[in-house]
Structure formats: structure tokens, C-alpha cells
Amino acid sequence: QMQLVESGGGLVQPGGSLRLSCAASGITFSIFRLGWYRQGPGKQRALVAEIMSNGQTNYVDSVEGRFTISRDNAKDTVYLQMNSLKPEDTAVYYCNARYLMNTYWGQGTQVTVSS
């Protein structure tokens with residue numbers, strides 16, 4: 001049974017930091033492309049950052065230099081380190097794992113940036 005479980009969300013003040021984690025089970029983790037998406041209020045779900053099986057990373061412009069995606073294949077876990085958070089980063093953050101035609105989603109974790 002394949003499962004992705006996110007954790008680490010919460011309420012943080014502008015300028016603060018959070019680290020999201022996504023633990024996988026039931027898949028050969030190391031071969032998957034992994035991504036973090038977010039869906040803000042009234043917005044569509046959109047890609048934030050991704051990391052390939054070879055470690056290559058990509059970021060959307062709005063988080064470049066502030067967010068860092070990483071993976072630990074020994075722990076079957078992908079992380080999103082978020083620094084210098086802004087109110088516009090407020091969203092539900094989802095973990096995604098994809099390999100060929102197989103794609104999986106986590107349940108999401110809420111991140112709220114507010115003073």
C-alpha cells in the first residue's frame with residue numbers, strides 16, 4: 001500500500017522558517033521524482049519545487065533562494081526547508097511522487113504565515 005505522509009506545517013510569522021517532511025512507504029523511493037506543490041485560498045494547486053532521482057532540483061521563481069528541497073533515500077523522505085516566509089506562502093502544501101505513469105499525493109499540510 002503506497003502512502004505519502006506530510007508533516008511540519010503550522011503557523012509562523014513573516015520572515016520565519018518551517019521544514020516540511022514527507023515520508024513515503026510502499027514504493028521504491030529512490031527512482032521517483034518528488035515534488036512539493038501548494039494550493040492557496042482560491043487558487044489552483046501549483047508546483048513549488050521538485051527533485052529528480054539524480055538529485056537535480058527545480059524551483060518556481062517565487063521561492064527561488066528561500067526554499068530548499070532535499071531527499072533522503074535511506075529514510076524514504078523528502079523535505080522542504082522554507083526560509084524568509086511571506087504571507088503569500090500561506091497554502092496547503094502537498095507532497096507528490098511520480099514515476100512514469102504512476103503518481104501519488106499526500107494528504108497535505110497547512111502552512112500559515114501571519115503576524
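Miscellaneous remarks
- Any chance A49 is surrounded by 14 or more Cβ atoms within 10 Å (Cβ to Cβ), under 10 Å from the mean Cα position of the chain (by Cα) and among the hydrophobic types (A, V, I, L, M, F, W, C): yes
- Flag for D76 being more than 14 Å from R98 (Cβ to Cβ), touching a strand residue (DSSP E or B) at 6+ places or on another chain (Cβ under 9 Å) and acidic (D, E): yes
- Which listed residue is exposed (fewer than 14 other Cβ atoms within 10 Å of the Cβ) and under 21 Å from G8 (Cα atoms), from D76, D89, D72: D72
Condition check ((1) open to solvent by 30 Å² or more (accessible area, probe 1.4 Å); (2) of a type in the set (V, I, T)) across all residues:
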residue	(1), (2)
E6	no, no
A24	no, no
R33	no, no
P41	yes, no
Q44	yes, no
T57	yes, yes
V63	no, yes
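- The residue that is farthest from T112 (Cα to Cα), among those in the stretch 10-20 that are of a type outside the set (V, I, T) and buried (at least 18 other Cβ atoms within 10 Å of the Cβ), is L20.
- Screening the chain for strands (runs of 3 or more DSSP E) wholly inside it with 3 or more residues that are not polar (S, T, N, Q) returns the ranges 3-7, 10-12, 18-25, 33-39, 46-51, 67-72, 77-82, 91-99.
The values are calculated or read from the model by the stated rules, or taken from the named source; none is laboratory data. These numbers were taken from a predicted model, which means no experiment stands behind them. With ideal geometry, Cβ positions are generated from the backbone for all residues, glycine too; neighbour counts draw on all protein chains shown. For the accessible areas, the whole protein counts, side chains as well, though only heavy atoms, and no ligand, DNA or RNA atoms are used. Shrake-Rupley method; radii C 1.70, N 1.55, O 1.52, S 1.80 Å.
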